Amino acid sequence: MEQHFRSLLDDNNIPGGLLAVVCGTRTLAVGHGVTRQGTSNAVTSTTRFQLASTTKTLTALTAWRMHQQGEVDLAAPASELVPYMNTQSPYARSFTVEELLSHSAGWTTDDVGTSLDLKTHMQQNASMQLWAEPGAVHVYSNPGYALAGLALQEAAGTPFADLVESRVFAPAGMTHATMHGASMTSGTYAYGHAVSWPPTGTYGPTDSYYSDPWYGPMGGAWLSAQDFVALINVFLANGSPLLDTSSFTSLTTPRTRTDYPGMPYAQGLYVAEGSSRRLWHGGSVGGFLSRFEALPDEGFGLAWVVNSDAVYLSELADEAITRFTSWSYGDCPDCYPQPGDWQLHVGTYEDAINLGTVVVSGNASSLTASFQDQGITRAMTPDPYGGRDQYVVDYPPAGGEMSVMFWREGNNPATHIVSLWGVAARVP
């Protein structure tokens, strides 16, 4: 396993990376390569790497730890914690923190401003309109996680970064982990090498937005390989010592389907549907890529992070799980198109904020989308990386191809078109 990881890094010209594996009673925590290209500073098992969106697992853990300790009611309206934010309009009820954590709050993927302070940054976005009715659809929202972090901060009266460190890192024994990237000393962290994400370059903790507090809840954690082993062990112990069985079950229970077919979202975690529980999250930001996997019923977990955004090592986890466990994928009726699906998709959809009026028409052989407000009509083709209800369409305002998902329940007609550029609801 370790040699395969080293080979992947070397073959893809990735400067350095961390690998953590727990298999039964055996553990592996190693570093490979260098912290910065062109130097001889070796990565070790205690070198910290930036997690990007894998941080969302830590944010959700923090939330459920606080809920268990009576510090916050995750099922209560978020308006009770952040009354200065729009948590409702134009819909009838306020979303909850739980819905923020499952990306089902209807909160936008847009935000404005780059204030370093979490509360000020979110207040700059206080009047943003919800894209969908709370609980109606899944829209992966980084700003939604920033808002969840702010709600936790307001509930505790403690900065969000300190909450993660005190509620998760310390009791889990993650002794090198930090949410305060700017305070790390030289030689204890890796630099990010952005080669695919603009602007390209080499970034330390304070050279990009890695350490900005508004980024913290969505992606701001720095972990070492040893910290990953400790985190994996929490999941293999069904939440202990952080969560009791009830809270861990709530954290890891699927809440909503996603645009990954056969992989619904719980809270801060995807759940791969298969022979037993497989919990995971990935992260990507300019300069770093990461992945966390835990299979509690198999006694197996794996995590990796690299300091380059050149290649996502998507096969590494699948290969390890195939080799070391008996886990297998389950049936996935939503993974492939079915006869007559087009009839569930055709219709008129309305988005008053972004997409405008969208008329979907066609037949079994082809669909088209007419974006009437923009005067654009384009063919819709099945997304080769998506599932039963996913298509791609050329949408110039998005700069090219846009992935869209027809949101439906069972075999009923789709109720929404969901994209990262807007959500349109079916017109009755």
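Sorting the Cα pairs of the stretch 280-371 by distance into bins of 10 Å, from 0 upward, gives 13, 24, 19, 28, 16, 0 percent per bin.
Over all distinct Cα pairs, what is the inverse of the mean 1/r for the stretch 1-111, reported as the Kirkwood hydrodynamic radius in Å? Result for the stretch 1-111 stands at 17.7 Å.
Of interest is the spacing of the C-alpha centroids, which for the stretch 5-73 and the stretch 354-420 amounts to 36 Å.
Hydrodynamic radius of the stretch 183-261 by the Kirkwood approach over all distinct alpha-carbon pairs: 15.8 Å.
Ranked from largest, the principal axis spans of the Cα set of the chain equal 59, 45, 43 Å.
For the stretch 334-399, the Cα gyration tensor yields ellipsoid semi-axes of 21, 13, 11 Å (square root of five times each eigenvalue, largest first, whole Å).
In terms of the mean number of neighbouring beta-carbon atoms within 10 Å, the peptides 252-259, 265-272, 293-300 order highest first as 265-272, 293-300, 252-259.
Scoring 109-119, 217-227, 88-98 by mean Cβ neighbours within 10 Å over their residues and listing the highest first yields 217-227, 88-98, 109-119. Computed from phi, the 3J(HN,Hα) profile of the stretch 262-278 under the Karplus parametrisation 6.51, -1.76, 1.60 (θ = phi - 60°) reads x, 9, x, 10, 8, 9, x, 8, 8, 10, 6, 6, x, 6, 7, 5, 10 Hz, with x in place of Gly and Pro.
Per residue, the chain reaches -6000 deg cm²/dmol at 222 nm when only DSSP H runs of four or more residues are counted, each adding -39500 (n - 2.57).
Equivalent-ellipsoid semi-axes for the stretch 260-302 (Cα gyration tensor, √(5λ), whole Å, largest first): 20, 13, 7.
Projected onto planes of every orientation and averaged, the convex hull of the alpha-carbon atoms in the stretch 142-294 covers 9.9 nm².
Report the net charge of residues surrounding Gly173, where surrounding means a beta-carbon distance below 13 angstrom and charges are Lys +1, Arg +1, Asp -1, Glu -1. Here the charged neighbours net out to -2. Under the criterion of Cα pairs below 8 Å and six or more residues apart, the relative contact order for the stretch 206-322 equals 16 percent. With the highest mean first, a sort of the peptides 39-45, 404-410 on other beta-carbon atoms found within 10 angstrom per residue produces 404-410, 39-45. Just the protein heavy atoms count here, and of the accessible area of the chain at 1.4 Å, carbon and sulfur take up 50 percent. Could you work out the Kirkwood radius for the stretch 90-164, taking every pair of different alpha carbons, averaging 1/r and inverting it, reported in Å? After inverting the mean inverse Cα-Cα distance, the result is 12.6 Å. For the chain, Cys23 have no disulfide-compatible partner, since no other Cys C-beta lies under 4.7 Å from theirs. All other residues whose Cβ lies under 12 angstrom from that of Trp327 are scored, Lys and Arg at +1 and Asp and Glu at -1, for a net of -2.
For the stretch 219-323, the Cα-based Rg and Dmax, in that order, read 13.7, 40 Å.
The values are calculated or read from the model by the stated rules, or taken from the named source; none is laboratory data. What you see is a predicted model, and the numbers here were worked out from it, not measured in a lab. Ideal geometry is used to build each Cβ from the backbone, glycine not excepted, and the neighbour counts take in all protein chains shown. The protein model used for the area step is the full one, side chains on, heavy atoms only, and it has no ligands, DNA or RNA in it. Shrake-Rupley method; radii C 1.70, N 1.55, O 1.52, S 1.80 Å.
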